[in-house]
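**Q** Below you will find the structure I want to go over with you.
The values are calculated or read from the model by the stated rules, or taken from the named source; none is laboratory data. Quick caveat: nothing in here was measured; it's all calculated off a predicted structure. When we count neighbours, we look across all protein chains shown, and the Cβ atoms used for this are built from the backbone with ideal geometry, even at glycine.
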Amino acid sequence: MMPSQLNSPIPYNLFCLVFLMLYFHFVFVISLNQEGAFLLEFTKSVIDPDNNLQGWNSLDLTPCNWKGVGCSTNLKVTSLNLHGLNLSGSLSTTASICHNLPGLVMLNMSSNFFSGPIPQYLDECHNLEILDLCTNRFRGEFPTHLCTLNTLRLLYFCENYIFGEISREIGNLTLLEELVIYSNNLTGTIPVSIRELKHLKVIRAGLNYFTGPIPPEISECESLEILGLAQNRFQGSLPRELQKLQNLTNLILWQNFLSGEIPPEIGNISNLEVIALHENSFSGFLPKELGKLSQLKKLYIYTNLLNGTIPRELGNCSSALEIDLSENRLSGTVPRELGWIPNLRLLHLFENFLQGSIPKELGELTQLHNFDLSINILTGSIPLEFQNLTCLEELQLFDNHLEGHIPYLIGYNSNLSVLDLSANNLVGSIPPYLCRYQDLIFLSLGSNRLFGNIPFGLKTCKSLKQLMLGGNLLTGSLPVELYQLQNLSSLEIHQNRFSGYIPPGIGKLGNLKRLLLSDNYFFGQIPPEIGNLTQLVAFNISSNGLSGGIPHELGNCIKLQRLDLSRNQFTGSLPEEIGWLVNLELLKLSDNRITGEIPSTLGSLDRLTELQMGGNLFSGAIPVELGQLTTLQIALNISHNRLSGTIPKDLGKLQMLESLYLNDNQLVGEIPASIGELLSLLVCNLSNNNLEGAVPNTPAFQKMDSTNFAGNNGLCKSGSYHCHSTIPSPTPKKNWIKESSSRAKLVTIISGAIGLVSLFFIVGICRAMMRRQPAFVSLEDATRPDVEDNYYFPKEGFSYNDLLVATGNFSEDAVIGRGACGTVYKAVMADGEVIAVKKLKSSGAGASSDNSFRAEILTLGKIRHRNIVKLFGFCYHQDYNILLYEYMPNGSLGEQLHGSVRTCSLDWNARYKIGLGAAEGLCYLHYDCKPRIIHRDIKSNNILLDELLQAHVGDFGLAKLIDFPHSKSMSAVAGSYGYIAPEYAYTLKVTEKCDIYSFGVVLLELITGKPPVQCLEQGGDLVTWVRRSIQDPGPTSEIFDSRLDLSQKSTIEEMSLVLKIALFCTSTSPLNRPTMREVIAMMIDAREAAVSSPSESPTAESP
């Protein structure tokens, strides 16, 4: 071979190529060990939309550097952590993780979307110490097979859909340290075998369906530090044996059905840091032994039934940061010892029966951020020491009997954001430094006796969103500086002594939603710039001295729901642009000097429930378009004008209307029969017109007093002699003998008929009197003082004159509601207390003998329930019955739900609580009152809301007693349109199941946000509309109120369950409807069944 051939590059290159091929083949063969190959295969069985596992590379030597994979020193996989990678699929369909990864110590699949059952093969993981499957979609029964993993230390499968009972085999996990299983569908009791878990430190099992008592055996888990069983259905008392848990730091048992006294032994658990027992039914005294807990940081026992006094020993809880004892029945004084807790940040004692003065020692709580003593019976003045609380952000003392001045320097040293001192007896001027640091958001000083001007520092408070100063004695003009407050959404300065012009600058408040200027001394004109307030929802400028025309620009405020311009001196015609305000529910223009015709555009206000236009100078015909206002319910009042022409028959389309006032006009013609057919009509005043013909002989008109038709010379009551004599004879001519004979017969027949009717009438009266005597003891006989009035008031010396003063002589300005039984007024008593006064309509035969009145007195006077409006007293005065009720500042549920088309302040959680509270109140009436009560008129407008949006069932004007002696009939008109059970139409009898039906409609309102009456195209009522909608293709959630946040699946699931309850309640057959007890149980079940995250509110711990 030649040398040149030996040096040829061809054999060398070939050698290199073969070498490289063999090398890469060798590397490929040895790069994937068995565990890596399994994990690669595992990726094929899961869905990874974000490609989080894309980095798992087959060319790697081992999987130990892969994302989520951990290995031991000998390169064996010991941990697999795939937390939060947006993976989905079913682990049950994959090959056994445990068989292929035998050294696995930790498996974390949490916060993904895995579904199906928890894999059976997990019981093969004999070395597994940590298993975390939380926040997925696993379903199936409690995984008993996991109880064989005796090496397990941490077991998490919270926030899934696991059901069934905890297996008694749980006691086999003797090394278990943490058991986190909250937010599932677990039921049954906690097994006594829990006592075997001596190493257990954490139990978090809230948001399930657990029942029965909390087992005393749990006290044998001697290492336990956190016991979280909140939001279940545990019953019974708190075991005293828990005092054995000397390592316990967190006791979280809120929102259960626990009852009885809080055992004093709880004070022996010396390491406790958090006690959360709120929203249960604990009663009795608050144990003074709580003062022994020197490590306690948070104490939440609000919303229970505790009574007695607050133990002063709580002042020894030197580590406390937050104390909330609100919504109980605590009495006595506020202990001054609470001022000894150096780091206290939150102190809530509101809605109790605390009295006495506020201790000045509380002014030493230098770290206090949030302080609420509202809704108590506190007296005295606000301590000056509060001026020195440098950390104070929220101070709420409203609805007490506090007096004196507001401390002058309050706000000078702190970043106040919320200050509510309303409904007290405070005097003096508004302090100047409330907004010194420009952090004040909410200021409510209404219903006091403050005087002077609005201070400059407040007028220039740019952070302010709500300024509520109504019901004081404030003076001055409307400050021009206010117009720079671009965050202001509510300006309420009604019922004061402000005067002057309303400047054009008012139009700069672009975020304003509530503008209440009524009952002042403003004059001049409404500036056209008012039209710039496009977010305005409520505008009340009534009872002032304003004049000029109503600006056309007001039609730009298309979100307006309540517009009150009454009792001024407005002139000119009513702008047709008012008809553009399609969201209006209340329109008051009465007692002005408005001229011209009523605009036909008002017929477009298809949400209007009350229209008051009386006492003006309107002329021309009544627009037929008013017949399109089918939602009118409270009143249509166009009386005392100069209207002419006939009454449009289209007014007969107002099927919900209760009061119609057309009196004192110049109307002619006959009364349309269609109006007489309005079954809802309670008042129809047509007096002092030029009407003629017969009054329609309908049930509605038969019940009305003749004064409603007086002053119409050509008008007659059907059946009267005058009406018959004016009807011409159909026969042109008769023989005089026959005619005389016919007349004689006619006289004989009429006389006989009158005699017969009189006889039946007298017998009926006698029988009614005889039947009624044993049923009642007359109020006169019961109290019988020799005075004109009868009273029952809790305060001595209280009189009818006091009510006159408190309501401004029952002024229209004090009206807060009207109903079938009468009118409700807001009364501010001499001592500053605010109450609701219901003036019942006269029965015409002596009000004190009126059955509905006595039914209320006999029933309501004895009722005490947190979800029932309290009756404070009554008065009978000159044929009027007057009832005094607890005042509800947040109005009715109906107002909250239907006040705005686009927004509603009630989120789903608030709506659920309102529904449940109303159910509990109604259940109390059905089962716990003696005799039992049927409400007869359950509707959203009769569910009133207090300051905390807690539901109170009100208006018992139609209440009847089931066991009422000698009651022969319950066929009086019962209920409101849209709420009346279908069987009532043919039985005319009211049962508990009628209340159930009405409550079901209220639930539908809460869910859909829609009113109970719908247009005919949608079925005419809410029940029909919902049933049609759920039959249509598409998700059920489409019928849910679009104003709600529906981003959480738990919200949609809970609403869907409550929807089923509502449909159950509104079943056509009363036999298929549940009882109120069953309704409550189902609603509680619905909340527990809905999968939701634990509460993150500052006074609620995770389960």
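**Q** Quick check, is ASN881 in the same structural domain as LYS839 (by TED's automatic domain parsing), modelled with pLDDT of 80 or more and not aromatic (Phe, Trp, Tyr)?
**A** Answer is no for this residue.
**Q** If you don't mind, there's one more thing I want to ask. Could you say whether any residue in the stretch 549-570 is of a type in the set (S, T, N, Q), closer than 24 Å to HIS640 by Cβ and outside any loop (DSSP other than H, G, I, E, B)?
**A** Among the residues of the stretch 549-570, at least one is of a type in the set (S, T, N, Q), closer than 24 Å to HIS640 by Cβ and outside any loop (DSSP other than H, G, I, E, B), which makes the answer yes.
**Q** Among LEU286, LEU299, LEU305, which is the only one that is surrounded by 23 or more Cβ atoms within 10 Å (Cβ to Cβ) and under 24 Å from HIS865 (Cα atoms)? Step through it out loud before you land on a result.
**A** Details: LEU299 fails: under 24 Å from HIS865 (Cα atoms); LEU305 fails: surrounded by 23 or more Cβ atoms within 10 Å (Cβ to Cβ).
Of LEU286, LEU299, LEU305, the one residue that is surrounded by 23 or more Cβ atoms within 10 Å (Cβ to Cβ) and under 24 Å from HIS865 (Cα atoms) is LEU286.
**Q** If you don't mind, there's one more thing I want to ask. Looking at the stretch 359-375, can you tell me whether even one residue there is of a type outside the set (A, V, I, L, M, F, W, C), farther than 25 Å from CYS435 by Cβ, under 25 Å from the mean Cα position of the chain (by Cα) and assigned to a loop (DSSP other than H, G, I, E, B)?
**A** no
**Q** Separate question: Among the residues that make up the stretch 327-347, is at least one of them among the aromatic types (Phe, Trp, Tyr) and assigned to a loop (DSSP other than H, G, I, E, B)? Please lay out each step first, then the result.
**A** So in the stretch 327-347, the residues among the aromatic types (Phe, Trp, Tyr) come out as 340.
Next, only the ones that are assigned to a loop (DSSP other than H, G, I, E, B) stay: none.
No, the stretch 327-347 has no match at all.
**Q** Which condition breaks for ASN532 when tested against (1) in contact with a strand residue (DSSP E or B) (Cβ under 8 Å, 6 or more places away or on another chain); (2) buried (at least 18 other Cβ atoms within 10 Å of the Cβ); (3) of a type outside the set (Phe, Trp, Tyr)?
**A** ASN532 satisfies every listed condition except (1).
**Q** Among the candidates THR366, THR309, single out the residue that is under 26 Å from ASN415 (Cα atoms), among the β-branched types (Val, Ile, Thr) and in contact (Cβ under 8 Å) with a residue 12 or more places away in the chain.
**A** Going through THR366, THR309 in turn, the sole match is THR366.
**Q** Another question, then. Being crowded, with 21+ Cβ neighbours inside 10 Å and out of contact with any strand residue (DSSP E or B) (no Cβ under 8 Å at 6 or more places or on another chain) is the requirement here; does SER447 meet it?
**A** In short, no.
**Q** I would also like to ask the following. Show me the strands (runs of 3 or more DSSP E) entirely contained within the stretch 453-533 in which 1 or more residues are small (Gly, Ala, Ser).
**A** 473-476, 490-492, 497-500, 521-524
**Q** Out of the residues in the stretch 1015-1047 that are of a type in the set (Asp, Glu) and within 24 Å of the chain's Cα centre (by Cα), which is modelled with the lowest pLDDT?
**A** Among those that are of a type in the set (Asp, Glu) and within 24 Å of the chain's Cα centre (by Cα), it is GLU1038.
Residue-by-condition table, conditions (1) closer than 25 Å to ASN150 by Cβ; (2) at pLDDT below 95:
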| residue | (1), (2) |
| --- | --- |
| LYS201 | yes, no |
| ARG204 | yes, no |
| TYR209 | no, yes |
| SER223 | yes, no |
| GLN231 | no, yes |
| PHE234 | no, no |
| LEU238 | no, no |
| ASN247 | yes, no |
| ASN250 | no, no |
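**Q** If a residue must be surrounded by fewer than 18 Cβ atoms within 10 Å (Cβ to Cβ), of a type in the set (Gly, Ala, Ser) and either farther than 18 Å from SER644 by Cβ or outside the structural domain of ASN712 (by TED's automatic domain parsing) (or both), how many such residues does the stretch 660-699 contain?
**A** Qualifying residue count, the stretch 660-699: 2.
**Q** Within the stretch 163-179, work out how many residues are over 14 Å from HIS199 (Cβ atoms) and either buried (at least 22 other Cβ atoms within 10 Å of the Cβ) or not assigned by TED's automatic domain parsing to the domain that holds PRO102 (or both).
**A** 1
**Q** Out of the residues in the stretch 821-857 meeting the condition of being in a loop (DSSP other than H, G, I, E, B) and surrounded by 18 or more Cβ atoms within 10 Å (Cβ to Cβ), tell me which one is modelled with the lowest pLDDT.
**A** ASP850
**Q** Additional query: Name the single residue that is nearest to LEU589 (Cα to Cα) among those in the stretch 618-635 being of a type in the set (A, V, I, L, M) and not in a helix (DSSP H, G or I).
**A** First pass over the stretch 618-635, keeping only residues of a type in the set (A, V, I, L, M): 621-622, 624, 626, 629, 632, 634-635.
Still in the list and also not in a helix (DSSP H, G or I): 621-622, 629, 632, 634-635.
Details: ALA621: 18, ILE622: 16, LEU629: 17, LEU632: 16, ILE634: 15, ALA635: 13 Å.
Step by step, filter the stretch 618-635, then rank; the result is ALA635.
**Q** Name the strands (runs of 3 or more DSSP E) wholly inside the stretch 184-249 in which the number of residues that are hydrophobic (A, V, I, L, M, F, W, C) and surrounded by 16 or more Cβ atoms within 10 Å (Cβ to Cβ) is 2 or more.
**A** Here the list reads 202-204, 226-228.
**Q** Continuing with this model, one more query. Name the single residue that is farthest from GLY954 (Cα to Cα) among those in the stretch 894-915 being hydrophobic (A, V, I, L, M, F, W, C) and surrounded by fewer than 19 Cβ atoms within 10 Å (Cβ to Cβ).
**A** For the stretch 894-915, the residue satisfying everything is VAL901.
**Q** Also, I was wondering about something else. Could you tell me which of the residues ARG607, ARG593 is at pLDDT 95 or above, assigned to a loop (DSSP other than H, G, I, E, B) and either surrounded by fewer than 19 Cβ atoms within 10 Å (Cβ to Cβ) or not assigned by TED's automatic domain parsing to the domain that holds PRO1011 (or both)?
**A** Working: ARG607 fails: at pLDDT 95 or above.
Criteria check complete, one pass: ARG593.
**Q** Across the stretch 255-280, what is the total count of residues that are buried (at least 17 other Cβ atoms within 10 Å of the Cβ), within 26 Å of the chain's Cα centre (by Cα) and part of a strand (DSSP E or B)?
**A** Total satisfying the criteria: 2.
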